[in-house]
Every structure is written in C-alpha cells, then in structure tokens.
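In what follows, a structure is listed as structure tokens, so that the remarks can point back to it.
Since every read-out is calculated from the coordinates, none of them should be taken as a lab result. The structure presented is a predicted model; accordingly, all values stated were derived computationally and were not measured. Note that each Cβ is placed from the backbone with ideal geometry, even for glycine, and that neighbours are counted across all protein chains shown.
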Amino acid sequence: MGKDRKKEDGANCAATVTGVANAEPALERAGKGQDCAGPLEEMENWKNNPGPGATEEEEGDAPGEDGPAEESDREEMRRLRSRVEEVEDRLLRALADQDNYRRRVIAERASREALACESLLMELLPVVDNFDLGLRAARDRGEGQTADGLALILDQLHRIFQNRGVEELGRTGEPFDPHSAAAIASVTDGKVPADHVLRVVRPGYRLGEKLLRPALVIVSAGLPAEAGGKE
C-alpha cells in the first residue's frame, strides 16, 4: 500500500508541476495582450479534479504512517499547490487588466473617430454656406438651371450630414433658443410672435450633444408698441 501511495503522490506532484507550467506561459501571453483564458480553465479543472490520492489524508491513512521520503513529497506537493494558487491569482489579475485595456482601446478609438468626423464636418460647413449663398443669388437673378444644380449639391451635402447624425438648427417661426442660436437683430413683426425666429441668416449644426456652431437668426419683437396699445 505504501508503494501505491508513493506512486499516487508522485503522479499528483507531477500534475501540480504541470499546472504551474501551464499557468506561467499564460501569464506571459496575458502580458502581451494575447488570450489566456484556456490555460486558466485547465488550471481550474486541475484544481477541481486533481486525481486520486491528491488529499493529504484519505483512505484511512494516518498522518504519521509515512516515512521521511513520503512526508517530503507531501510537503513538496503543498508548496506546489500554493504556487499554483499564486500563479492563478496573478493570471486572474492579468485577465482583468487585459479586459480593461480592450475597453480602453475601444473607447479611445471611438473618441478618435468622433473627433475626426467633427473636424471634417467643421471644414465642410463653410462650403455648405457658400453653396447656400450661391443658390439664393441664382434664384434672385432668375438663373433656374444654375439654381437647380446648386440645390442638388446642397441636398447631397445635407444627406451626408444627416447620415453622420448632424442636426440642422434654426427654423423660421420656431421659438428662439439661446442655447442653439444667436440673435443678431430684433425686428418688430405682426405675423411672427415675439421671441420667435423671424429669419435664419445662417443655420447652425449639432452633432449628437456637441454644438458645432449656433444658428444666426433675426428674432421677432412682436407687434409695434403703438399697435399693441391700440389692441
């Protein structure tokens, strides 16, 4: 029975060494950002199923029956088990750091993409303004074909903005919002209520929660004072 027990202890000792050997390369892979979940699962399986004879006392054996060699093997197994637990803890920490790193990379990538999109849109805004001014001038001069061509280009640019989540700000007749528009003048008007947009001089744009630029508008001051008094 002593020989069988010694064989079992030797097998368990070898299995423990294998557990440590599998874990340490996993730590190295985790440090390089590589996947190391497989070795962790292998270690967990080994801990749950270490094999027969893995406990210090089983099958009725008393602690003091074995000789010095067997006791030395058991001590070595306890040391290796402690080493496995230490390596497993380091591996779990490495996996957590790896997961945090992946999340941080994704967030930074999204931030860079949003910044690049915002920068491009800001460069396109003056182009849209110039096409809009050209369209108004062509219509004022009765240049129908030129106006139609400019209108098509403007429509394409606006679709690009919409596809990127850009919202155009400033609509005639809507209430004046100081958070998204800037009033450059206030004019009395009998048709548009006071503190409503009478005319949009230059539209504004917003990307998500970010205001790219405010709209420039003329605000209605309502009816003239004399007209209001007569009513």
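Per-structure values
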read-out	value
Summed side-chain charge close to G142 - residues other than G142 whose Cβ falls under 15 Å, Lys, Arg +1, Asp, Glu -1	0
Stretch gain in nm, segment A185-T146, where the contour uses 0.36 nm per residue and the Cα spacing is subtracted	10.9 nm
Separation in nanometres of the label points that stand 7 Å from Cα toward Cβ, at E167 and D99	3.5
Gain on full stretching of the segment that runs from L133 to E108 - 0.36 nm per residue minus C-alpha separation	5.2 nm
Long-range amide H partners of A181 with built H, under 5 Å	A215
Calculated from backbone phi, Karplus (6.51, -1.76, 1.60) coupling profile of segment 86-96 in Hz, x at Gly/Pro	5, 5, 4, 4, 5, 5, 4, 5, 5, 5, 5
